[in-house]
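Everything below concerns the one structure shown next.
Every read-out reported here was derived from the displayed coordinates using simple, explicitly stated rules and does not represent laboratory data. Since we're looking at a predicted model, the values are computed, not measured. All Cβ positions, glycine included, derive from the backbone under ideal geometry; neighbour counts span all protein chains shown.
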Amino acid sequence: MNEHVMEILVRTIVASLPEKEKDVYQYIVRTEDELARQSHTKEEFMGLLTRYSPHHQAAAHFNMSIEDTLKLMHMIEDKITERMEEKSQSYKWIDYSDLENTPSKLQFLCWI
């Protein structure tokens, strides 16, 4: 499955999560993304993750323990992975490029 399709699927799955799960997941991912933007190397990013732990920030923000935050995030990630696997089994690219009177490279992604 290509990366763009995976991103669309993840966004769709996250949008369907219960509100608290969605909020915690999005908070942590946004924080990680911000640290990644500030980094020039993988090592720098890892250092920022350690120094400004998104999971610790989320725990404080949502008034949760770090243990509960980590457990919740793992559960959310497992749920996303499971749903991704389910959805990846039920999609198909339909390529209409070879048909007459169609623009070149006309393709559709269909979930069955």
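Side notes on the structure shown:
- The stretch between residue 11 and residue 29, if pulled fully straight at 0.36 nm per residue, gains 5.3 nm over its current Cα-Cα span.
- A straight chain from residue 89 to residue 4 at 0.36 nm per residue would run longer than the Cα-Cα distance by 28.9 nm.
- Number of Lys pairs (Cα under 16 Å; 8 or more positions apart or on different chains) in the range 19-91: 6
- FRET efficiency estimate (nearest 0.05) - Cβ-Cβ, residue 39 to residue 66, R0 22 angstrom: 0.45
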